[in-house]
Amino acid sequence: MAENEGKEEEKKFSIWDLPDVPMGKLPPHLELQRTRVVCNVDAPIHTESIQYSGAYASMGVDNSLRLDHFSNNFRVEVVRLTEEVMEFDMIGIDAAIANAFRRILIAEVPTMAIEKVLIANNTSIVQDEVLSHRLGLIPISADPRLFEYMSDNDQPNEKNTIVFKLHVRCKKGGPRFTVKSDELKWLPQGSEFVKDSRSATSSSNSKPETYTSFTCRQDSLPDFVNNAPGPKYLDIITAILGPGQEIELEAHAVKGIGKTHAKWSPVGTAWYRMLPEVVLLKEVEDDVAEELKRRCPVNVFDIEDIGNGKKSATVARPRDCTLCRECIRGGEEWEKRVALRRVKDHFIFTIESTGALPPEVLFTEAVKVLEDKCERVITDLS
Amino acid sequence: MEHGTFTDHSSATFSLTEEDHTLANAVRFTLNQDPRVTFCGYSIPHPSDARVNIRVQTTGDPAREVLKDACQDLMLMCRHVRSTFDKAVDEFKISNPVEEMNIGKK
């Protein structure tokens, strides 16, 4: 009887009544698992992000997305911003969304690039198709937001095409001539090559039909008055001519996205990494501290004097850590000294633009593209 | 677009065309965070077809509504990201004055 009473007492005892278990928050080891990737010597662990809203329901912790919680905790800090490269931190966002932005930056933000090349004369040793391919890859500094897409049925007009001309000749008896991208000249009035039309209805007095139908000069439009479209970098070698060789062609640039062809990708590349967190699990002193500092190739650790002639190691620049794992190589005692971790919701984004748009505009456009995709899904569902 | 039983609207598979991991993973993340969802996932039947199947199972609400709400949440998150980013860039430009950027000028 006394035993039964004892058992009943035990059942009423709950682990949550213990004084040192925090209610409503996760215990520290689970919090570590949820928010940090731990990089061990062999492989990283806890790499997946725990997204399910009910993941910690048994602990009374709500893992669901509260939009206000996201809005309050989300931060952006710009580290570096030049005309071509930008580096910034996004804190409080999940990997799925950061990756979506990266993928969109590389493949779905539109740009202008040369698509059709009309070759009138090419006596150089660079083949037609090779030359056209190289012309397509030249970055064009034109704002793609001012243009419309051109589908197969459309006529090329001033709203969807930019026309460039390339006419170079190497003099006989002269040295070899290197054709650089500054030889591409913008034609604001459209194509100059006349189409061969023998239809009876066209009178001989009307303007000859060309390969584009521009209704007005492009440089009369207000957007192009001050910034003429053209190659962004003027020293890209396109072809080399020997004496007596000539190239005469017209190149039409249209709007497209990187998914179709990489020439339309607006970024050289865009990447992100998670913020590194380097933690010293034990006190590291004297010789071991010197050894640790020497091991790190990017100088993450520093030595400081703590008095009595003793030195100890501190983590000075964790952000520079490249995860080479030199500091934990060499046996168990090294693995127990340093913990290499990554913060799961802190991303260091780097965007390198090819020049059509500045990198901060590119990122804004990428976010707009994701919003448009969501809207398309919502309209499809309704 | 929605494939499921006609009687039970709380579980359904949505087949989206012209989409890939970019949108599907982001939508899956927002769906997971919704407390009404018991199960969600996405798959790409073949990498050459641009088609994504998103499966949603809920605790009773129609799956279509839950997916719509998740897309709305994702849109709101994007808007918030954009405004925070623009503010941060403006602050950076004010505190680090650089030369006027000349895009298009050679």
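The values are calculated or read from the model by the stated rules, or taken from the named source; none is laboratory data. All values derive from a computational prediction rather than experimental measurement. A quick note on method: Cβ atoms are made from the backbone with ideal geometry, for glycine too, and the neighbour counts reach across all protein chains shown.
When the residues of segment B:24-39 are narrowed to those that are part of a strand (DSSP E or B) and at the interface with another protein chain (Cβ under 9 Å from one of its Cβ atoms), which ends up surrounded by the fewest Cβ atoms within 10 Å (Cβ to Cβ)? Give the steps one after another, and end with the answer.
If we filter segment B:24-39 for residues that are part of a strand (DSSP E or B), which is where we start, we get B:37-39.
If we keep only those that are at the interface with another protein chain (Cβ under 9 Å from one of its Cβ atoms) too, we end up with B:37-38.
Numbers: B:VAL37: 24, B:THR38: 15.
Among them, the one singled out is B:THR38.
Residues being surrounded by fewer than 20 Cβ atoms within 10 Å (Cβ to Cβ) and hydrophobic (A, V, I, L, M, F, W, C): count how many of those fall in segment A:255-267.
Number of matching residues: 2.
Show the residue pairs meeting these rules: Cβ distance below 8 Å; 6+ apart or different chains; first residue within segment A:161-181 and of a type in the set (Gly, Ala, Ser); second residue part of a strand (DSSP E or B) and crowded, with 18+ Cβ neighbours inside 10 Å.
Listed by first residue and then by second, the contacts come to A:SER181/A:PRO231; A:SER181/A:THR238.
Pick out, from segment A:95-208, the strands (runs of 3 or more DSSP E) lying fully within it that include 2 or more residues that are among the aliphatic types (A, V, I, L, M) and closer than 29 Å to A:PRO359 by Cα.
On the way: elements: A:111-122, A:162-169, A:177-180.
Those strands (runs of 3 or more DSSP E) span A:111-122, A:162-169.
Of the residues that sit in segment A:218-249 and are within 14 Å of chain B (Cβ to nearest Cβ) and of a type in the set (Val, Ile, Thr), which one is surrounded by the most Cβ atoms within 10 Å (Cβ to Cβ)?
Only one residue tops the list, namely A:ILE236.
Return the total of residues in segment A:268-290 being exposed (fewer than 14 other Cβ atoms within 10 Å of the Cβ) and hydroxyl-bearing (Ser, Thr, Tyr).
The qualifying residues number 1.
Can you tell me how many residues in segment A:72-102 are more than 8 Å from chain B (Cβ to nearest Cβ) and charged (D, E, K, R)?
Adding up the residues that qualify gives 5.
With respect to A:PHE363, determine if the residue is in contact (Cβ under 8 Å) with a residue 40 or more places away in the chain, of a type in the set (A, V, I, L, M, F, W, C), assigned by TED's automatic domain parsing to the domain that holds A:ASN40 and touching a Phe, Trp or Tyr at 6+ places or on another chain (Cβ under 6 Å).
Spelling it out, it is not the case that A:PHE363 is in contact (Cβ under 8 Å) with a residue 40 or more places away in the chain, of a type in the set (A, V, I, L, M, F, W, C), assigned by TED's automatic domain parsing to the domain that holds A:ASN40 and touching a Phe, Trp or Tyr at 6+ places or on another chain (Cβ under 6 Å).
Does segment B:2-23 hold any residues that are small (Gly, Ala, Ser), in contact with an Asp or Glu (Cβ under 8 Å, 6 or more places away or on another chain) and outside any strand (DSSP E or B), and which are they?
B:SER10
Out of A:ASN121, A:ASN160, A:ASN153, I need the residue that is under 30 Å from the mean Cα position of the chain (by Cα) and polar (S, T, N, Q). Which one? Steps first, please.
Numbers: A:ASN121 fails: under 30 Å from the mean Cα position of the chain (by Cα); A:ASN153 fails: under 30 Å from the mean Cα position of the chain (by Cα).
One residue alone meets the criteria, A:ASN160.
Go through A:LYS344, A:LYS293 for me and flag whichever is closer than 30 Å to B:ASP20 by Cβ and crowded, with 18+ Cβ neighbours inside 10 Å.
Details: A:LYS293 fails: closer than 30 Å to B:ASP20 by Cβ.
None of the other options fit; the residue is A:LYS344.
Look at A:GLU352 and say whether it is surrounded by fewer than 19 Cβ atoms within 10 Å (Cβ to Cβ) and at pLDDT below 85.
Numbers: surrounded by fewer than 19 Cβ atoms within 10 Å (Cβ to Cβ): yes; at pLDDT below 85: no.
No; evaluated as a whole, the condition is false for this residue.
May I ask you to list the residues in segment A:301-333 that are over 13 Å from A:ALA289 (Cβ atoms) and hydrophobic (A, V, I, L, M, F, W, C)?
A:CYS321, A:LEU323, A:CYS324, A:ILE328
Which one is nearest to B:LEU74 (Cα to Cα), of the residues in segment A:58-82 that are modelled with pLDDT of 90 or more and exposed (fewer than 15 other Cβ atoms within 10 Å of the Cβ)?
A:ARG75
What number of residues within segment B:40-89 are of a type in the set (D, E, K, R) and either part of a helix (DSSP H, G or I) or at the interface with chain A (Cβ under 7 Å from one of its Cβ atoms) (or both)? Please lay out each step first, then the result.
Step one: filter segment B:40-89 for residues of a type in the set (D, E, K, R), giving B:49, B:51, B:55, B:61, B:64-65, B:68-69, B:73, B:79, B:82, B:86-87.
So of that shortlist, the ones also either part of a helix (DSSP H, G or I) or at the interface with chain A (Cβ under 7 Å from one of its Cβ atoms) (or both) come out as B:64-65, B:68-69, B:73, B:79, B:82, B:86-87.
Total satisfying the criteria: 9.
Filter segment A:350-382 down to residues that are hydrophobic (A, V, I, L, M, F, W, C), under 20 Å from A:VAL79 (Cα atoms) and facing chain B (nearest Cβ under 10 Å), then give me how many there are. Let's see the steps before the verdict.
Initial filter on segment A:350-382 (hydrophobic (A, V, I, L, M, F, W, C)): A:351, A:356-357, A:361-363, A:366-367, A:369-370, A:374, A:377-378, A:381.
Add one more test, that the residue is under 20 Å from A:VAL79 (Cα atoms), and what stays is A:351, A:357, A:361-363, A:366-367.
Now drop any that are not facing chain B (nearest Cβ under 10 Å), which leaves A:357, A:361, A:363, A:366-367.
Count: 5.
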